[in-house]
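Asks: Submitted below is the structure of interest, expressed as structure tokens.
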Amino acid sequence: MQTKTKATKFQSIKGFYDILPEATPLWFKLEDAARRVLGKYGYKNIRMPLVESTELFVRSVGEHTDIVEKEMYAWEDALNGDKLTLRPEGTAGCVRAVVESNLTYNGPVRLWYSGAMFRHENVQKGRQRQFHQIGVEAFGFDSPQVDAEQIVLLARLWRELGIADVELQINSIGDAHERLEYRKVLIAYFEQHADLLDEDAKRRLHTNPLRILDTKNPRMQAMCEAAPKLIDSLGDETRAHFDGLCKLLDAAGVAYIVNARLVRGLDYYNRTVFEWVTTKLGAQGTIAGGGRYDALVERLGGDATPACGFGIGLERVFLLMQEYGITADDAPDVYLVNVGEQAEQVAFSIAEQLRNTNIQVILHASGGSFKSQMKKADRSQAKFALIIGDEEVANKQVTLKPMLATIKGEQQQCSIEQAIEHLTAALG
């Protein structure tokens with residue numbers, strides 16, 4: 001007799017993971033709160049493709065950034081030779097969509113999007129190769145009011161989620177001509193301390209020296225802390241913009257720290273940059289960050305358009321919510337127990353009748369004894385069990401049983417109409 005070989009199980013790819021049903025209620029809580037808050041500020045949803053032209057990211061994010069140099073999932077399409085990339089971040093695609101569809105034709109716009117991003121990074125807690133972000137972008141606003149609005153929006157989101165003890169860090173990295181002059185000063189400074197530079201810093205020295213300031217190497221911290229600060233070299237206009245932001249945050253009661261080493265990792269930023277950070281997630285402490293990118297729309301083929309935006313790392317916020325003991329569930333209102341041939345037939349239509357009144361119902365649909373079904377009703381965390389047996393069918397009644405200690409009342413027999421009336425009142 002031939003033995004049947006069991007098929008090999010597949011596993012998810014390293015850095016790509018499943019979000020299982022037990023986790024999705026907390027995800028829904030996070031996403032629903034974000035949608036509510038974004039709606040209060042007038043941001044409209046936009047949905048862009050996961051795949052864009054590779055050149056879009058090279059031109060926007062920057063040729064000498066970690067993302068472009070070593071993290072992008074890029075390939076050449078075998079069907080037509082197009083060079084394509086799974087999006088590593090959302091701003092470039094959003095700007096492409098704004099330019100392509102001329103979304104600012106009638107004036108400034110506020111947009112938000114959500115979805116998966118992809119970077120080939122070292123996998124660790126809070127850092128995956130497929131991760132999820134909510135991105136927020138505002139086009140056509142040059143006032144620091146919009147910079148402040150986006151920061152205050154995030155402060156409101158943290159409050160709604162019940163997250164505390166997150167620190168806001170802000171900085172100004174000036175405009176392009178100011179960074180160009182500062183870049184020369186910074187390179188000269190680092191060359192004077194070449195013996196302290198690690199290999200990554202040496203690689204960046206003449207391509208992206210500002211990123212050296214953001215090093216995590218303990219050996220370089222004191223040297224970077226003592227480096228000349230760009231914020232001290234700002235011109236009158238950029239300084240006024242940053243001072244205006246600080247005044248608005250002070251008026252809104254949002255505490256912040258000016259971090260002169262904060263530069264962000266993408267080339268398109270100018271003037272305002274900011275991050276919300278926590279100490280509760282180890283090395284991956286940034287849960288949201290962004291800033292102004294006034295030259296990017298023009299760089300990608302549009303008219304000169306000031307812009308400001310940020311991204312929220314949803315996995316990190318999710319982990320932080322768990323750290324704070326924030327919970328959510330999707331337990332049903334009713335678990336519909338049905339025992340007997342006639343009861344099974346009636347239960348299906350009763351379940352639909354309940355759903356028509358906006359009551360959430362799990363219909364037991366796999367047979368079993370009354371005792372086994374009640375155990376499943378208990379495990380479901382349903383607020384009520386609605387029980388139908390052949391006897392109830394004959395009497396045109398159901399049995400309604402509260403399942404949680406927090407629900408007042410006793411088990412009762414009643415008509416389905418009375419059960420609906422009672423459930424509607426009890427569930428609010």
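The values are calculated or read from the model by the stated rules, or taken from the named source; none is laboratory data. Being a predicted model, the structure only gives us computed values, none of them experimental. Glycine gets a Cβ as well: all are built from the backbone with ideal geometry, and neighbour counts include every protein chain shown. All accessible areas refer to the heavy atoms of the entire protein, side chains included, with ligands and DNA or RNA removed. Shrake-Rupley method; radii C 1.70, N 1.55, O 1.52, S 1.80 Å.
Asks: Mind running the shape call on the range 344-413? Use the C-alpha gyration tensor, a ≥ b ≥ c as the square roots of the eigenvalues: rounded below 1.5 for a/c, prolate if a/b tops b/c, oblate otherwise.
Replies: rounded
Asks: Does the range 74-210 classify as rounded, prolate or oblate by the C-alpha gyration tensor (a ≥ b ≥ c root eigenvalues; a/c under 1.5 gives rounded; else a/b over b/c gives prolate, otherwise oblate)?
Replies: Cα axes put the range 74-210 in the rounded bin.
Asks: Could you point to the residue in 345, 84, 260 farthest towards the positive end of the chain's charge dipole, with +1 and -1 charges on the Cβ of Lys/Arg and Asp/Glu respectively?
Replies: It is 345, whose Cα lies furthest towards the positive end.
Asks: Moving on. Is the range 232-381 best put as rounded, prolate or oblate by its Cα gyration tensor, with a ≥ b ≥ c the root eigenvalues, rounded for a/c under 1.5, and otherwise prolate when a/b is larger than b/c, oblate when not?
Replies: The shape class here is prolate.
Asks: Right, here's the next one. Accessible area per residue of the chain at 1.4 Å probe, in Å²?
Replies: Heavy-atom accessible area per residue stands at 52 Å².
Asks: When the scattering of the range 57-141 is computed by the Debye formula from its Cα atoms alone, each counted once and equally, what is log10 I(q)/I(0) at q = 0.17, 0.24, 0.26 Å⁻¹?
Replies: After summing over all Cα pairs, the log10 values are -0.83, -1.22, -1.29.
Asks: Add -39500 (n - 2.57) for each DSSP H run of 4 or more in the chain, then divide by its residues: what number comes out at 222 nm, to the nearest 500 deg cm²/dmol?
Replies: Computed mean residue ellipticity for the chain: -11000 deg cm²/dmol.
Asks: Within the chain, what's the longest stretch lacking GluC sites (Glu not before Pro) that sit in DSSP loops with no more than 15 other Cβ atoms inside 10 Å?
Replies: With a cap of 15 other Cβ atoms within 10 Å, the longest stretch comes to 64-409.
Asks: Roughly how tilted is helix 91-100, in degrees to the nearest 10 and between 0 and 90, from the longest Cα axis of the chain?
Replies: 90 degrees
Asks: List the aspartates and glutamates whose alpha-carbon lies under 17 Å from that of residue 376, not counting same-chain residues fewer than 8 positions away?
Replies: 22, 329, 330, 333, 344
Asks: Then there is this: Counting pairs of alpha carbon atoms under 8 Å apart in space and at least six apart in sequence, what relative contact order in percent does the range 1-121 give?
Replies: Values: 103 pairs, mean separation 33.9, N = 121.
Computed over the range 1-121, the figure is 28 percent.
Asks: Take the cross-link list 125/202; 40/125; 14/125; 29/383; 375/396; 29/375 and give me the ones stretching past 23 Å between alpha-carbons.
Replies: 125/202; 40/125; 375/396; 29/375
Asks: When only C-alpha pairs under 8 Å and at least 6 residues apart count, what is the relative contact order of the range 270-313, in percent?
Replies: 35 percent
Asks: Contour minus end-to-end for residue 51 and residue 70, with contour as 0.36 nm per residue of separation and end-to-end as the Cα-Cα distance?
Replies: Contour length minus Cα-Cα distance gives 5.1 nm.
Asks: Can you give me the Kirkwood hydrodynamic radius for the range 1-109, using every pair of distinct Cα atoms, in Å to one decimal?
Replies: This gives a value of 18.0 Å.
Asks: Say each of residue 80 and residue 236 gets a label point 7 Å from the Cα, pointing the same way as Cα to Cβ; how far apart are those two points in nm?
Replies: If labels sit at residue 80 and residue 236, their model points lie 5.2 nm apart.
Asks: Using alpha-carbon pairs under 8 Å, 6+ residues apart, how would you state the relative contact order of the chain in percent? Working shown, then result.
Replies: Values: 695 pairs, mean separation 63.5, N = 428.
Averaging sequence separation for qualifying contacts and normalising by length gives 15 percent for the chain.
Asks: Right, another one. Note the direction-averaged projected area, equal to a quarter of the hull surface, for the Cα convex hull of the chain, in nm².
Replies: Its average projected convex-hull area is 30.9 nm².
Asks: Work out the length of the dipole vector of the range 254-305 about its Cα centre, built from +1 on the beta-carbon of each Lys and Arg and -1 on the beta-carbon of each Asp and Glu, and round it to the nearest 20 debye.
Replies: Details: 6 positive and 5 negative charges, 54 e Å.
That gives a dipole near 260 debye.
Asks: Can you sort 161, 404 by 1.4 Å-probe accessible area, starting with the largest?
Replies: In descending accessible area the options line up as 404, 161.
Asks: Give me the dipole magnitude in Debye, nearest 20, for the chain about the Cα centre, with unit charges on the beta carbon: positive for Lys and Arg, negative for Asp and Glu. Show your work: numbers first, answer last.
Replies: Values: 50 positive and 58 negative charges, 172 e Å.
Taking the Cα centre of the chain as origin, the dipole is about 820 debye.
Asks: Binning at 10 Å from 0, report for the range 209-255 what percent of all alpha-carbon pair distances ends up in each bin.
Replies: Reading upward from the zero bin: 22, 30, 35, 13.
Asks: Follow-up question, since we're still on this one. Find, among the trypsin sites (Lys or Arg not before Pro) in the range 1-33, those assigned to loop by DSSP (not H, G, I, E, B) with at most 11 other beta-carbon atoms within 10 angstrom.
Replies: 4, 6, 9, 14
Asks: Here is a follow-up. What aspartates and glutamates sit close enough to residue 280 to cross-link, taking a C-alpha to C-alpha distance under 20 Å and skipping anything fewer than 8 places away on the same chain?
Replies: Within the straight-line limit of under 20 Å, residue 280 reaches these aspartates and glutamates: 160, 165, 167, 214, 315, 323.
Asks: Quantify, in whole percent, the carbon and sulfur part of the accessible surface of the chain (1.4 Å probe; protein heavy atoms only). Don't skip to the answer; put the middle values down first.
Replies: Working: 11040 of 22240 Å².
The C+S portion of the solvent-accessible surface of the chain is 50 percent.
Asks: Moving on to the next point. Mind checking which of 51, 146, 95 has the largest fluctuation in a GNM of the chain, springs on alpha carbons under 10 Å?
Replies: 51
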